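Reading through the structure tokens given below for one structure.
The values are calculated or read from the model by the stated rules, or taken from the named source; none is laboratory data. If you're wondering where the values come from, they're calculated on a predicted model, not measured in any experiment. So basically every Cβ, Gly included, is an ideal-geometry build from the backbone, and we count neighbours across all protein chains shown. Heads up: the accessible areas ignore ligands, DNA and RNA and are worked out on the full protein's heavy atoms, side chains in. Shrake-Rupley method; radii C 1.70, N 1.55, O 1.52, S 1.80 Å.
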Amino acid sequence: MTASKVALWQRELAAAVRDPQALLRLLDLPDGNTSSKAAQQFRLLAPHSYIARMKKGDCHDPLLRQVLPLDDELQVVEGFNQDPVGDQHSVVADGVLHKYHGRVLLVTTGACAVHCRYCFRRHFPYSESNPVKAEWEGALAYIRANPDVREVILSGGDPLTLADERLAVLFRQLRDMPQVTRVRFHSRLPVVLPSRIDASFLQLLHEIPQQTVMVIHANHAQELDADDVRQALAALRAAGVTLFNQAVLLRGVNDSVQAQADLSESLFAHGVMPYYLHLLDRVAGAAHFEVAETEAVRLLETLRKRLPGFLVPKLVREVAGEKAKMPVL
Ligand SMILES: *Cc1c(COP(=O)(O)O)cnc(C)c1O
Ligand code: SF4
């Protein structure tokens, strides 16, 4: 690849912070506030544009908490394990999860633009330096052979970490599948690396004949409070993409009525509808983020009295073997 073909977002991703001490220095925080052992288990990854939205000198910053490796992750807590979602049982072809009616989920890549400490994929064997090599032949053959698949969900990892040339291959194949009426992206990049939504990607979107949906992932209003994020979301909407948000309820990040109300209001102001609020998947290393179900239910009941109904996300949890995300109240 020649230098001129490397997009700005790819350069920004290459320059993302991977060293916990470097992150602390950028935020004027003292050295000791992180865990090298936790970083070895699941390395730190955070783009500069995301770090720019963190408050300096505040080790409780809700964005920092989502990415900074901590000793808390080393605690062994009963009930927290390596594959809490039981996804491995829904794999129907290489990189395809078919768990729910009419929708298949493609694991397009293992890479992400940020490493979220609470992620249930933190123990999965793929890594950012190990991209999926095949051109998804098996996955696409499975969809072709299943006429009741109406919606294809591109997930990962994060599908938008793939270069446009790779996405174009996928879109071209999906274009010729008449039963597929929707293409859905699950991506955190509009929030953590908004430069990804560039002219080249928007052009690709215009070439998709199906309806397009993007479920972004923001957990806190502060994540949306930046001009580049606002512009990326506006550009997606202008390209005809319907935008939803899923969040995870996280202790110390967004476990208050105020934080949830602010998030919903900010999402709507950016043209994004709140969709799911997930209870934490019980993955080993994330126990310190858990909010008890009774507390989550109380929080949502209060939120319902504060906000218009359309701004209240559905509180759900992932239950292995169930045919849908399970409503909690
Ligand atoms: C969450 C999920 C979906 C999408 O579920 P919706 O309720 O339609 O948002 C599809 N497939 C898998 C495997 C999932 O985990
Ligand atoms: S971006 Fe999504 S898949 Fe990637 S680490 Fe964060 S929560 Fe997990």
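Rounded to the nearest 5, what % of DSSP beta bridges with both residues in the range 116-225 are antiparallel? The partial results should precede the final answer.
Working: 0 of 9 bridges.
In the range 116-225, DSSP labels about 0 percent of beta bridges as antiparallel.
Within the range 253-292, find all residues whose amide N lies under 12 Å from a label point positioned 7 Å from the Cα of Leu329 along Cα-to-beta-carbon.
In the range 253-292, the label zone of Leu329 (backbone N under 12 Å from the point 7 Å along Cα→Cβ) covers 257.
Can you find, among Val91, Gly285, Thr212, the residue sitting farthest towards the positive end of the charge dipole of the chain, where Lys and Arg contribute +1 and Asp and Glu -1 at Cβ?
Thr212
Among Gln66, Tyr50, Leu24, pick out the residue whose Cα is farthest towards the positive end of the charge dipole of the range 3-74, where Lys and Arg carry +1 and Asp and Glu carry -1 on C-beta, about the Cα centre.
Tyr50
Please work out how much length the chain gains when fully extended from Glu293 to Leu202, using 0.36 nm per residue of separation minus the C-alpha to C-alpha distance, in nm with one decimal.
Here the answer is 28.8 nm.
What shape does the range 160-280 have by the C-alpha gyration tensor, where a ≥ b ≥ c are the square roots of the eigenvalues, rounded means a/c under 1.5, and otherwise prolate means a/b greater than b/c and oblate the rest?
It is prolate, given that a/c is not under 1.5 and a/b is the larger ratio.
Compute the length gained on full extension between Val6 and Cys59: take 0.36 nm times their separation in residues and subtract their Cα-Cα distance, giving the result in nm to one decimal.
15.6 nm
Cα gyration tensor of the range 1-111, axes a ≥ b ≥ c as square roots of the eigenvalues: rounded (a/c below 1.5), prolate (a/b > b/c) or oblate?
Oblate, because a/c is 1.5 or more while a/b does not exceed b/c.
In the range 153-305, carbon and sulfur make up what percent of the accessible area (probe 1.4 Å)?
With neighbouring chains kept in place, the figure for the range 153-305 is 49 percent.
Roughly what % of DSSP beta bridges within the chain run antiparallel, to the nearest 5?
Expressed as a percentage, antiparallel bridges in the chain total about 25.
How many Å² of accessible area per residue for the chain, probe 1.4 Å?
That works out to 44 Å² per residue.
For the chain, with only Lys/Arg (+1) and Asp/Glu (-1) charged at the beta-carbon, what is the dipole magnitude about the Cα centre, in debye rounded to 20?
540 debye
How would the chain be classified by its alpha-carbon gyration tensor: rounded, prolate or oblate, with rounded meaning a/c under 1.5 and the a/b versus b/c comparison settling the rest?
Rounded, since a/c falls under 1.5.
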